[in-house]
Each structure stands twice: as structure tokens, then as C-alpha cells.
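Notes for the one structure printed next.
The values are calculated or read from the model by the stated rules, or taken from the named source; none is laboratory data. Fair warning: this is a prediction, and the values are worked out from it, not measured in the lab. When we count neighbours, we look across all protein chains shown, and the Cβ atoms used for this are built from the backbone with ideal geometry, even at glycine. Areas reflect the complete protein model, heavy atoms only, side chains present, ligands, DNA and RNA absent. Shrake-Rupley method; radii C 1.70, N 1.55, O 1.52, S 1.80 Å.
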Amino acid sequence: MEMSDTQKNSGITHEHGVVRGWVHSFQSLGAVDGPGVRFVVFLQGCPLRCAYCHNPDTWAFPEVMIAKGCSGVAGGITAAGSNGIAGCTAAVAYTPEEVVKKILRFKPYIKNGGVTVSGGEALMQPEFVAGLFRLLQREGLHTALDTSGIGDLKKAADVLKYTNLVLADLKFSEPEDYKKYCGADMLQVLAFLDLTETMGVPLWIRHVVVPGLNDMPENIREIGRISHSYTNLEKLELLPFKKICMSKYDEMGMEFGLKDYEACSAARIAELEGYLASLRSRK
């Protein structure tokens with residue numbers, strides 16, 4: 001996917017070289033974003049438009065919104081109708097040090113878990129994430145990068161130097177579906193996964209299962225094949241497609257692209273996990 005200069009450099013730098021990142025929100029005690037109890041930082045800005053995205057309010061890039069004359073709110077920004085969002089969104093700029101200060105208040109609760117940076121797309125703000133992870137590792141906290149793998153690979157490598165775990169979305173098994181349902185280049189995603197292997201960063205791959213769209217045996221088989229080709233893979237997770245985000249789309253005046261698809265049941269996930277396990281046992 002071709003990205004603009006703004007999207008490639010979404011982190012912002014102020015005078016004296018101080019890096020700040022645009023943060024959409026925080027979750028103090030997350031339990032589904034990596035091992036253990038974790039503090040989760042959701043960043044603002046994503047170049048993808050995934051059909052099943054639960055967080056369309058994180059799509060807009062703050063710099064684009066500012067350029068369009070958006071007004072400031074609580075040290076951040078707010079905008080309507082910018083960068084493909086019909087509703088409103090807000091983001092606040094923080095330095096890595098300011099975020100670490102917030103996180104350390106929860107250190108007793110997350111010391112056996114850690115911190116996950118998600119999005120939006122975390123690799124759109126690589127300087128900020130690298131700086132944040134470097135400081136967190138100094139504090140003895142485990143760092144996890146939740147990413148779609150879209151971004152500048154050289155800058156991604158700088159982030160991975162301070163990353164203890166990558167949670168990577170492998171959204172579809174074919175390049176055509178990646179382009180159609182995400183607006184993404186699958187080869188770019190695979191190049192990022194290659195980078196995690198080269199750098200020896202532990203990898204979890206996650207795949208959202210949408211019944212009738214990507215849950216056919218050939219799709220799941222290919223997801224399994226790709227995932228297990230990486231020597232640094234620790235886990236492959238099949239996640240059920242849910243529709244709890246539809247109210248958010250309604251509030252933002254947007255149409256949810258997969259509204260006519262059924263949510264995925266736990267039974268279907270268990271069935272597909274069994275299918276993958278049977279394939280592995282035959283080797």
C-alpha cells in the first residue's frame with residue numbers, strides 16, 4: 001500500500017528534538033493484548049481500512065486533521081470528516097517519558113505482564129514507540145508491539161530492538177483479499193514478519209475468522225502454513241469476528257462493511273483450531 005509522507009512519519013517532533021506521539025487512549029489493565037495483565041497504549045492513525053476494524057475512531061492521522069484546521073481539545077485535537085472518518089475523534093500528544101510516568105503507577109499490577117502498544121497502527125509512530133519501549137525495558141517491563149506490519153521496515157527495525165514480543169495480524173491468506181478488504185499489500189506484511197524472524201523477536205500471529213469470508217479450509221490451511229514457516233513463532237491465535245463495534249460505526253455515521261456477515265462462534269474457532277492441529281500432526 002502506498003502511503004503519503006504524512007502517514008510514513010506520523011510521530012511529531014517539537015523543538016530540541018523532543019519526540020511526541022499521538023495517543024488515542026489508554027487501558028490500564030488489559031488481559032487480551034499479550035501475556036499477563038498489561039497496560040495498553042492505543043495510538044492514533046492507521047493507513048489501513050480493514051473491513052472488520054473495531055476502532056475506526058483511531059484511523060485519522062492527527063497531522064492531516066491539524067492541516068485541515070481542526071481545533072485543539074485538552075492538549076490534543078478533534079476533527080470531523082477527515083481522512084475517511086465521518087464522525088469525530090480526539091488524540092493527545094505525549095512524550096515517551098510522560099507515558100512511562102502514567103504506566104509506572106500500575107507497575108505492581110503489570111510486573112508479571114507488561115505493556116502493549118497498539119493502534120491505530122503503532123508503526124506509523126516508530127520514533128515514539130522505540131523511545132517508549134527503550135524506557136520501559138529500563139524499568140524491567142515486558143514490551144509488546146501489536147501491529148498489522150505496515151510501515152517503514154528500517155524504522156520498524158529500530159522499534160524491534162526494544163520489543164520483547166510482536167503480536168502481528170495476518171488478516172488474509174491471499175494478496176487479493178488483503179487489498180480488497182484492508183487496502184494493504186500482503187507482501188509488505190510478510191516482509192515485516194521476515195524482519196521479526198531475522199531479528200529473533202518472539203512472534204504471535206493472530207487471524208480474525210469471519211464466517212463465509214475467510215473460514216474456508218483452504219484459507220485456514222494457508223494461514224497455518226505461512227505462520228508456521230517462521231522459526232520465531234510462539235503462537236497462532238484464531239480470533240472470532242464480532243459485531244459489537246456496529247454501534248460505534250452508527251455513531252460516527254459510517255457503514256460497517258461486514259454488517260451482513262454472521263459473528264463467529266466459539267465452536268467454529270474450536271473446530272478450526274482442531275483442523276490446524278490435525279494438519280500439524282500429519283507432518
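Going by the conditions given, is Leu190 open to solvent by 20 Å² or more (accessible area, probe 1.4 Å), under 27 Å from Glu273 (Cβ atoms) and among the hydrophobic types (A, V, I, L, M, F, W, C)?
So Leu190 fits the description; yes.
May I ask you to list the residues in the stretch 209-250 that are surrounded by 13 or more Cβ atoms within 10 Å (Cβ to Cβ) and small (Gly, Ala, Ser)?
Listed by number, the residues that qualify are Gly224, Ser227.
Give the stretch 235-250 a look and list any residue that's outside any loop (DSSP other than H, G, I, E, B) and either under 11 Å from Leu276 (Cα atoms) or without any contact (Cβ under 8 Å) to a residue 60 or more places away in the chain (or both), or say none.
Selection gives Lys235, Leu236, Glu237, Leu238, Leu239, Pro240, Met246, Ser247, Asp250.
Out of the stretch 198-208, which residues are of a type in the set (A, V, I, L, M, F, W, C), in a strand (DSSP E or B) and surrounded by fewer than 21 Cβ atoms within 10 Å (Cβ to Cβ)?
Those that are of a type in the set (A, V, I, L, M, F, W, C), in a strand (DSSP E or B) and surrounded by fewer than 21 Cβ atoms within 10 Å (Cβ to Cβ): Leu203, Trp204.
Condition check: under 24 Å from His228 (Cα atoms), of a type in the set (Val, Ile, Thr) and over 12 Å from the mean Cα position of the chain (by Cα). Does Thr147 satisfy that?
Answer is no for this residue.
State all residues of the stretch 251-283 that are in a loop (DSSP other than H, G, I, E, B), surrounded by 13 or more Cβ atoms within 10 Å (Cβ to Cβ) and either among the aromatic types (Phe, Trp, Tyr) or on the phi > 0 side of the Ramachandran plot (or both); if no residue qualifies, say none.
Scanning the stretch 251-283 gives Phe256, Tyr261.
I'm told Gly120 meets every condition in (1) over 11 Å from the mean Cα position of the chain (by Cα); (2) open to solvent by 10 Å² or more (accessible area, probe 1.4 Å); (3) at pLDDT below 95 except one. Can you identify the failing condition by its number?
(1)
For the stretch 194-232, give me each residue that is without any contact (Cβ under 8 Å) to a residue 24 or more places away in the chain and among the basic types (Lys, Arg).
Result: Arg225, single match.
If the requirement is being out of contact with any Cys (no Cβ under 8 Å at 6 or more places or on another chain), more than 20 Å from Glu262 (Cα to Cα), among the aliphatic types (A, V, I, L, M) and assigned to a helix (DSSP H, G or I), which of these qualifies: Leu167, Leu190?
Every option except Leu190 fails the conditions.
Quick grid of which residues meet (1) acidic (Asp, Glu); (2) part of a helix (DSSP H, G or I); (3) open to solvent by 10 Å² or more (accessible area, probe 1.4 Å):
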residue	(1), (2), (3)
Val92	no, no, yes
Val99	no, yes, no
Val115	no, no, no
Glu127	yes, yes, yes
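Pick from the stretch 47-70 the residues that are more than 19 Å from Met246 (Cα to Cα) and crowded, with 20+ Cβ neighbours inside 10 Å: which of them is modelled with the lowest pLDDT? Give the steps one after another, and end with the answer.
Taking the stretch 47-70 and keeping what is more than 19 Å from Met246 (Cα to Cα), we get 47, 61-70.
Right, trim to crowded, with 20+ Cβ neighbours inside 10 Å and you get 47, 61-63, 65, 70.
On the way: Pro47: 89, Phe61: 78, Pro62: 73, Glu63: 62, Met65: 51, Cys70: 48.
Selected residue: Cys70.
For the structure I just gave you, tell me whether Val159 is of a type in the set (Val, Ile, Thr) and assigned to a helix (DSSP H, G or I).
Taking the combined requirement at face value, the residue satisfies it.
Of Ile103, Ile85, which residue is among the aliphatic types (A, V, I, L, M) and at pLDDT below 85?
Of Ile103, Ile85, the one residue that is among the aliphatic types (A, V, I, L, M) and at pLDDT below 85 is Ile85.
Identify the residue in the stretch 129-146 that is more than 19 Å from Leu193 (Cα to Cα) and in contact with a helix residue (DSSP H, G or I) (Cβ under 6 Å, 6 or more places away or on another chain) and, among all such residues, is surrounded by the most Cβ atoms within 10 Å (Cβ to Cβ).
For the stretch 129-146, the residue satisfying everything is Leu132.
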